[in-house]
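One structure below.
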Amino acid sequence: MPIPKKVTLKMIADQLDLTVHTVSKALRGLPGMSEHTRNEVVALAAQLGYRTKEQERSMAVEQIPIYSSKSRRFAFIVPNNELAFIHHSLYEGIKFRLAEFGHKLEMLFAPQGTVSDSQFIDWLGENEVLYLDGFFIGPMILPPVEAKLMELQLPKILLNYPPPIAQVDSVIWDVSSAVHQSVHYLVSKGHRRILYIGNVRMHRGFRLRWHAFQEALQLEGISVSEEQHLTRLQSKETYIQQLTDLLEKEKPTAILVGMEHDLAWIYYGCSLLGRQIPQDCSLIGLEHAAPELIPDLTRPKLPVKEVGVRGADRMLWRISNPSLPFEHIRLQGGFHSGATVKDIT
């Protein structure tokens with residue numbers, strides 16, 4: 001790899017057959033090129049070790065060492081079952097960022113089910129966890145296992161919403177602001193009878209979504225009663241029955257889905273009553289990415305990969321600043337207006 005200080009914009013431009021001006025705009029996030037071109041510029045700059053003055057100043061403020069004297073080994077710990085989109089996206093973000101500094105990342109599966117202390121110790125030994133330079137704790141790991149991981153005396157970053165008094169740095173996308181964005185958008189389009197769907201007891205993040213929904217409605221002067229919403233999800237048969245009952249009883253003009261991968265069931269439940277989206281009922285889903293079947297879904301943009309990148313920065317910061325207080329970082333994304341919300345004003 002070339003010495004980073006000797007890499008110039010012209011070198012990058014020459015390799016990609018672009019102008020220096022285009023390369024400069026790409027690295028500063030300015031418009032004027034295709035996303036393909038921008039991605040090529042960013043990838044080559046990262047490969048060559050080039051950083052803009054803004055990046056270097058940011059790293060200096062965060063006390064992140066730009067050039068590492070040795071390659072470090074980190075692990076991203078994920079649930080021991082089928083991986084979700086968020087795990088792959090987080091892994092890509094962490095790996096991309098750490099690779100810029102010459103560090104390595106591997107993926108480890110957390111112990112499955114309820115584990116005893118001795119089983120957990122065996123897992124640590126089998127995976128050489130205690131020899132890592134640090135590790136990242138992914139979402140959806142069982143709480144008892146997550147608690148054991150957070151007790152380990154190694155640099156760690158929780159990529160989840162932290163439990164109370166957690167002694168760990170955390171980075172996560174801000175679902176509270178995402179829910180507020182969604183409710184505000186629906187109200188701006190004339191909707192005041194909004195049905196919330198989501199299991200509010202399964203994970204910390206799901207509880208935060210429900211609390212944010214309650215707060216957002218109250219700020220709009222709309223009363224909230226849990227009985228008027230679908231917050232206890234069981235079997236799919238019960239789900240559909242509860243959904244159709246609420247649609248008939250409450251007659252919502254819009255639905256906010258707080259859980260991922262439930263959109264097909266929402267469409268099915270509405271179709272049973274002859275209701276179409278968005279003609280009869282608008283829809284917003286808190287999906288981590290645009291779903292294939294509904295690519296123009298109205299949704300808040302959850303910056304999942306960006307959380308991985310920011311988590312990697314926080315890890316390097318923690319290693320350089322081991323005695324400073326813990327911090328909990330939430331990243332707010334934008335909003336995609338989409339085609340599944342009808343204006344009824």
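Worth pointing out:
- Number of the condition not met by Gly221 [criteria: (1) surrounded by fewer than 16 Cβ atoms within 10 Å (Cβ to Cβ); (2) in contact with a helix residue (DSSP H, G or I) (Cβ under 9 Å, 6 or more places away or on another chain)]: (2)
- Test result for Arg209, under 18 Å from Asp262 (Cβ atoms) and of a type in the set (D, E, K, R): yes
- Pairs meeting the criteria (first residue in segment 1-28 and assigned to a loop (DSSP other than H, G, I, E, B), second residue hydroxyl-bearing (Ser, Thr, Tyr) and at pLDDT below 80, beta carbons under 7 Å, at least 6 apart or on different chains) are Val7/Tyr50; Arg28/Thr52.
- Annotation note: of Arg73, Arg97, the sole residue that is touching an Asp or Glu at 6+ places or on another chain (Cβ under 9 Å) and more than 27 Å from Ala290 (Cα to Cα) is Arg73.
- Residues within segment 278-293 that are touching a residue at least 60 places away in the same chain (Cβ under 8 Å), over 15 Å from Trp173 (Cα atoms) and part of a loop (DSSP other than H, G, I, E, B), tallied: 2
- So Ile240, is it open to solvent by less than 60 Å² (accessible area, probe 1.4 Å) and either in a strand (DSSP E or B) or touching a helix residue (DSSP H, G or I) at 6+ places or on another chain (Cβ under 6 Å) (or both): yes
- Complete set of residues in segment 260-287 that are of a type outside the set (Asp, Glu), crowded, with 20+ Cβ neighbours inside 10 Å and within 21 Å of Phe206 (Cα to Cα): Leu263, Ile266, Leu283, Ile284, Gly285, Leu286
- Checked against the criterion of being at pLDDT 95 or above, open to solvent by 10 Å² or more (accessible area, probe 1.4 Å), in contact with a Ser or Thr (Cβ under 7 Å, 6 or more places away or on another chain) and part of a loop (DSSP other than H, G, I, E, B), segment 162-181 contains not a single residue that satisfies it.
- Residue check for Ala212: outside the structural domain of Pro162 (by the TED database), open to solvent by 60 Å² or more (accessible area, probe 1.4 Å), on the phi < 0 side of the Ramachandran plot and assigned to a helix (DSSP H, G or I): no
- One residue from Leu149, Leu158, Leu186, Leu230 being more than 17 Å from Val78 (Cβ to Cβ), open to solvent by less than 10 Å² (accessible area, probe 1.4 Å), at pLDDT 90 or above and of a type in the set (A, V, I, L, M, F, W, C): Leu186
- Any chance Pro139 is open to solvent by 50 Å² or more (accessible area, probe 1.4 Å), closer than 30 Å to Glu220 by Cβ and either of a type outside the set (S, T, N, Q) or within 15 Å of the chain's Cα centre (by Cα) (or both): no
- Residue tally, condition assigned to a helix (DSSP H, G or I) and open to solvent by 40 Å² or more (accessible area, probe 1.4 Å), over segment 123-136: 4
- Pick from segment 294-314, criterion outside any helix (DSSP H, G or I) and among the aliphatic types (A, V, I, L, M), ranking: nearest to Asp133 (Cα to Cα): Leu302
- If you go through segment 192-213 and keep only what is of a type outside the set (A, V, I, L, M) and within 21 Å of Tyr267 (Cα to Cα), you end up with Arg192, Arg193, Tyr196, Gly198, Asn199.
- Filtered by the rule that a residue be more than 17 Å from Phe136 (Cα to Cα), touching a residue at least 60 places away in the same chain (Cβ under 8 Å) and not hydrophobic (A, V, I, L, M, F, W, C), segment 322-345 gives Gln332, Gly333, Ser337, Thr340, Lys342, Asp343, Thr345.
- Test result for Phe120, outside any helix (DSSP H, G or I) and open to solvent by less than 20 Å² (accessible area, probe 1.4 Å): no
- Residue match in segment 188-196 (condition: in a loop (DSSP other than H, G, I, E, B) and in contact with a helix residue (DSSP H, G or I) (Cβ under 7 Å, 6 or more places away or on another chain)): yes
The values are calculated or read from the model by the stated rules, or taken from the named source; none is laboratory data. On a predicted model such as this, the values are computed, not experimentally measured, just so you know. A quick note on method: Cβ atoms are made from the backbone with ideal geometry, for glycine too, and the neighbour counts reach across all protein chains shown. The area values use the complete protein model at the heavy-atom level, side chains included, leaving out ligands, DNA and RNA. Shrake-Rupley method; radii C 1.70, N 1.55, O 1.52, S 1.80 Å.
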